[in-house]
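Undergrad: I have a structure I would like to understand better, so I am pasting it below and will then ask my questions one at a time.
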C-alpha cells in the first residue's frame with residue numbers, strides 16, 4: 001500500500017514520523033524524527049519541524065515556519081508565514097539545555113500571524129488570534145486578539161476570525177457565521 005500523504009521530492013522526512021492521510025508537505029521542508037502530523041495538514045515551503053512535535057488535523061503551516069521540540073498544536077491551527085516557536089528560555093550555544101525544553105500548547109482553531117514569535121512555555125487558547133509580528137511571552141486566553149511586543153490583549157475574535165463588537169449586555173455576533181458570544185468578567189464564551 002502506498003503512502004496516503006503527498007511529499008514533494010525535495011522534502012526530507014526522517015524515520016519514526018507519523019503523517020496523516022491527505023497531508024501535503026512542500027518544497028525543502030524537513031520533518032525530523034518521531035513527529036506526529038495529523039490528517040489534511042499543509043506544510044508550506046522551507047518549514048522545519050523538530051523531533052517529537054505534535055500537530056493535529058487540518059493544521060496549516062505557511063512558508064518558512066520553525067516548529068521546535070515541545071510544541072503541540074491541536075486541530076485547525078493556522079501558523080502564518082515565518083512565525084517561530086522557541087523551546088528554551090535562555091539559550092546559549094555553548095550550554096546544552098535539551099533537558100530544559102518547555103512545552104508550548106496551541107489549542108484548537110488558533111491563528112498565529114506572520115512573523116510572530118511564541119516564547120516557550122505558553123498556552124494559546126482556542127480560537128485566539130495572534131497578530132502579525134507579535135511576541136507572545138505569556139498565556140493567551142481563548143478567543144483573545146493580541147498584538148505587539150510584548151503581545152497585549154486588544155480585543156476578542158469569533159471562531160471565523162472576525163473582531164467582535166459587544167452590546168450593552170456583553171453579547172456579540174459574528175458577521176459571517178452569525179454565532180453569538182457572551183463576554184462576562186473577562187471571559188468569552190460562545191452561546
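The values are calculated or read from the model by the stated rules, or taken from the named source; none is laboratory data. Predicted, not measured: the structure shown is a model, and the values here were computed from it. Neighbour counts are summed over all protein chains in view; Cβ atoms, including those assigned to glycine, are modelled from backbone coordinates with ideal geometry.
Undergrad: How about segment 109-118: which of its residues are assigned to a loop (DSSP other than H, G, I, E, B) and either crowded, with 21+ Cβ neighbours inside 10 Å or touching a strand residue (DSSP E or B) at 6+ places or on another chain (Cβ under 6 Å) (or both)?
TA: 109, 110, 113, 116
Quick grid of which residues meet (1) closer than 28 Å to residue 68 by Cα; (2) free of Cβ contacts under 8 Å to residues at least 24 places away in the same chain:
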position	(1), (2)
120	yes, no
127	yes, no
142	yes, no
166	no, yes
169	no, yes
181	no, no
187	no, no
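Undergrad: Let me ask something else about it. Filter segment 153-172 down to residues that are under 19 Å from the mean Cα position of the chain (by Cα) and part of a loop (DSSP other than H, G, I, E, B) and give me whichever is surrounded by the fewest Cβ atoms within 10 Å (Cβ to Cβ).
TA: Among those that are under 19 Å from the mean Cα position of the chain (by Cα) and part of a loop (DSSP other than H, G, I, E, B), it is 160.
Undergrad: When you scan segment 132-147, how many residues do you find that are more than 16 Å from residue 188 (Cα to Cα) and assigned to a strand (DSSP E or B)?
TA: 3
Undergrad: Which one of 150, 175 is on the phi < 0 side of the Ramachandran plot, in a loop (DSSP other than H, G, I, E, B) and assigned by TED's automatic domain parsing to the domain that holds residue 61?
TA: The match here is 150.
Undergrad: Which condition number does residue 87 fail, the rest of (1) part of a loop (DSSP other than H, G, I, E, B); (2) under 16 Å from the mean Cα position of the chain (by Cα); (3) at pLDDT 95 or above being met?
TA: Failing condition for residue 87: (3).
Undergrad: Sort through 42, 58 and tell me the only one that's at pLDDT 95 or above and out of contact with any strand residue (DSSP E or B) (no Cβ under 7 Å at 6 or more places or on another chain).
TA: Testing whether each residue is at pLDDT 95 or above and out of contact with any strand residue (DSSP E or B) (no Cβ under 7 Å at 6 or more places or on another chain) leaves just 58.
Undergrad: Also, I was wondering about something else. Please go through (1) surrounded by 18 or more Cβ atoms within 10 Å (Cβ to Cβ); (2) out of contact with any strand residue (DSSP E or B) (no Cβ under 7 Å at 6 or more places or on another chain) for residue 80 and return the number of the only condition it doesn't satisfy.
TA: (2)
Undergrad: Considering 52, 107, 99, which residue is over 18 Å from residue 150 (Cα atoms) and under 10 Å from the mean Cα position of the chain (by Cα)?
TA: Criteria check complete, one pass: 107.
Undergrad: Scan 105, 101 and give me the residue that is under 17 Å from residue 49 (Cβ atoms) and at pLDDT below 95.
TA: Every option except 101 fails the conditions.
Undergrad: Something else now. Identify, from the list 180, 163, 92, the residue that is touching a strand residue (DSSP E or B) at 6+ places or on another chain (Cβ under 6 Å) and over 26 Å from residue 62 (Cα atoms).
TA: 180
Undergrad: If you check residue 65 against the conditions, is it over 17 Å from residue 11 (Cβ atoms) and surrounded by 23 or more Cβ atoms within 10 Å (Cβ to Cβ)?
TA: Taking the combined requirement at face value, the residue does not satisfy it.
Undergrad: Taking the conditions exactly as written (out of contact with any helix residue (DSSP H, G or I) (no Cβ under 9 Å at 6 or more places or on another chain) and surrounded by fewer than 16 Cβ atoms within 10 Å (Cβ to Cβ)), does residue 8 satisfy them or not?
TA: Criteria met by residue 8.
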